[in-house]
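Novice: My questions will all concern the structure given below.
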Amino acid sequence: MNKPNSAPDNVRFCTRCGAAMQAKLVGDKMRKVCPQCGFIHFTDPKVGVGVLVVNEAGEVLLVRRTMRPEIGRWSLPAGYLDQGEEPTVTAVREVQEETGLHVTIEGLLDVYHNPPEQGGASIFILYRGRVVGGELKAGDDADAAAFFRLDALPDVAFASTQAAIAALRKP
Ligand SMILES: [Zn+2]
């Protein structure tokens with residue numbers, strides 16, 4: 001497993017004042033620091049938000065991915081959290097964009113940590129949602145959207161999706 005680099009080579013210039021960054025020990029980690037204004041570049045984790053939607057027949061809503069990572073595999077409808085955006089707002093919007101369905105958020109299911117070598121979000125917030133409208137039609141980062149029986153699942157991407165589905169299967 002690659003250890004995440006806390007002082008990435010490609011961070012060369014200060015985003016605040018433009019001076020050349022230097023690698024320095026900050027606390028317990030090497031970080032890129034600006035010698036001119038003191039700005040520290042933190043390698044924040046990417047946060048993803050997704051929704052687990054199960055219909056009345058007990059089938060789970062999945063989308064087929066057209067984006068890296070994991071192109072062509074199926075995952076829960078999900079997307080990256082934007083700066084300043086409330087996670088439940090992201091969740092509702094991503095389901096709408098990728099599946100055409102309008103959902104209401106019914107609660108938080110879990111927060112997952114995806115290993116960095118998988119790509120995608122390293123922190124994944126998963127809500128439980130219920131369909132309240134719309135029509136099933138794939139869009140945005142998905143080229144297919146469908147409900148699947150738990151005993152007839154397609155090829156599923158991401159440790160977090162697999163864990164969420166495994167939890168569903170428990171009585
Ligand atoms: Zn600076």
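Novice: Kirkwood Rh over alpha-carbon pairs of region 1-43, then Stokes-Einstein at 20 °C and 1.002 mPa s: what D in µm² s⁻¹, rounded to an integer? Walk me through the numbers before you get to the answer.
Specialist: Details: Rh = 10.4 Å.
In µm²/s, the coefficient rounds to 205.
Novice: Carbon-plus-sulfur fraction of the accessible area of the chain, 1.4 Å probe, in percent?
Specialist: Details: 5040 of 9910 Å².
The C+S portion of the solvent-accessible surface of the chain is 51 percent.
Novice: Continuing with the same structure: Would you please put 28-35, 153-160 in order of how densely packed they are, using the mean number of other Cβ atoms within 10 angstrom per residue and starting with the highest? Before the final figure, lay out each step's value.
Specialist: Values: 28-35: 15.6, 153-160: 17.8.
Averaged packing, sorted descending, gives the order 153-160, 28-35.
Novice: With loop defined by DSSP as not H, G, I, E or B, and exposure as at most 10 other Cβ atoms within 10 Å, which is the longest segment of the chain clear of exposed GluC sites (Glu not before Pro)?
Specialist: Working: sites that count: GLU56, GLU135.
Of all site-free stretches, the longest is 57-134.
Novice: Additional query: Simple spin-label model, 7 Å along Cα-to-Cβ: THR66 to ALA19 in nm?
Specialist: If labels sit at THR66 and ALA19, their model points lie 4.6 nm apart.
Novice: Next question. What Kirkwood hydrodynamic radius, in Å, does region 69-114 give when the mean of 1/r is taken over all pairs of distinct Cα atoms and then inverted? Don't skip to the end; give the middle numbers.
Specialist: Values: mean 1/r = 0.0835 Å⁻¹.
Every distinct Cα pair counted, the radius reaches 12.0 Å.
Novice: For the chain, what does the helix formula give at 222 nm: sum of -39500 (n - 2.57) over DSSP H segments with n ≥ 4, over the residue count, nearest 500 deg cm²/dmol? Don't skip to the end; give the middle numbers.
Specialist: Numbers: 2 runs with 24 residues, N = 171.
Value at 222 nm, helices only: -4500 deg cm²/dmol.
Novice: Taking 45 Å as R0, compute the FRET efficiency from the Cβ-Cβ separation of ILE123 and ALA146 and round it to 0.05.
Specialist: Numbers: r = 27 Å, r/R0 = 0.60.
Using R0 = 45 Å, I get an efficiency of 0.95.
Novice: Let me ask another. Counting DSSP beta bridges in region 47-169, what percent are antiparallel, to the nearest 5? Please list the in-between numbers first.
Specialist: On the way: 23 of 31 bridges.
Within region 47-169, antiparallel bridges account for around 75 percent of the total.
Novice: Also, I was wondering about something else. Just to confirm my numbers, what's the Cα centroid distance between region 5-19 and region 45-82 in Å?
Specialist: 32 Å
Novice: Between GLY100, GLY18, GLY134, which gets the highest mean-square fluctuation from a Gaussian network model of the chain, Cα cutoff 10 Å?
Specialist: In the Gaussian network model the winner is GLY18.
Novice: Still on this model: Identify the residues of region 51-69 with backbone N under 17 Å of a label point that sits 7 angstrom from the Cα of GLU106 along the Cα-to-Cβ direction, or state none.
Specialist: So the set is 51-62.
Novice: Mind checking which of GLY38, GLY129, GLY139 has the largest fluctuation in a GNM of the chain, springs on alpha carbons under 10 Å?
Specialist: It is GLY38.
Novice: So if we plug the beta-carbon distance of ARG12 and ARG93 into 1/(1 + (r/R0)^6) with R0 = 22 Å, what FRET efficiency do we get, rounded to 0.05? Kindly include the intermediate steps, with their values, before the conclusion.
Specialist: Numbers: r = 34 Å, r/R0 = 1.56.
In this case the efficiency is close to 0.05.
Novice: Relative to the longest principal Cα axis of the chain, at what angle does helix 159-169 sit, 0 to 90 degrees, rounded to 10?
Specialist: The angle comes out at about 30 degrees.
Novice: Where only protein heavy atoms count, and the probe is 1.4 Å, what is the accessible area per residue for the chain in Å²? Display every interim value, and only then the final one.
Specialist: Working: 9910 Å² over 171 residues.
With the other protein chains kept in place, the chain gives 58 Å² per residue.
Novice: While we're here: Size of region 115-171 along its principal axes in angstrom, Cα-based, largest extent first?
Specialist: 35, 33, 21
Novice: Label points 7 Å out from Cα along the Cβ direction at THR43 and LYS29: separation in nm?
Specialist: Label at THR43, label at LYS29, 0.7 nm between them.
Novice: Using the alpha carbon gyration tensor of region 47-169, what are the three equivalent-ellipsoid semi-axes (square root of 5 times each eigenvalue), largest first, in whole Å? Could the numbers behind the result be given before it?
Specialist: Details: eigenvalues 67, 56, 43 Å².
Equivalent ellipsoid semi-axes, largest first: 18, 17, 15 Å.
The values are calculated or read from the model by the stated rules, or taken from the named source; none is laboratory data. Since this is a predicted model, take the numbers as computed values, not measurements. Here the Cβ is made from the backbone with ideal geometry for all residues, glycine too, and neighbour counts use every protein chain on show. These accessible areas exclude ligands, DNA and RNA; they are computed on the full protein's heavy atoms, side chains included. Shrake-Rupley method; radii C 1.70, N 1.55, O 1.52, S 1.80 Å.
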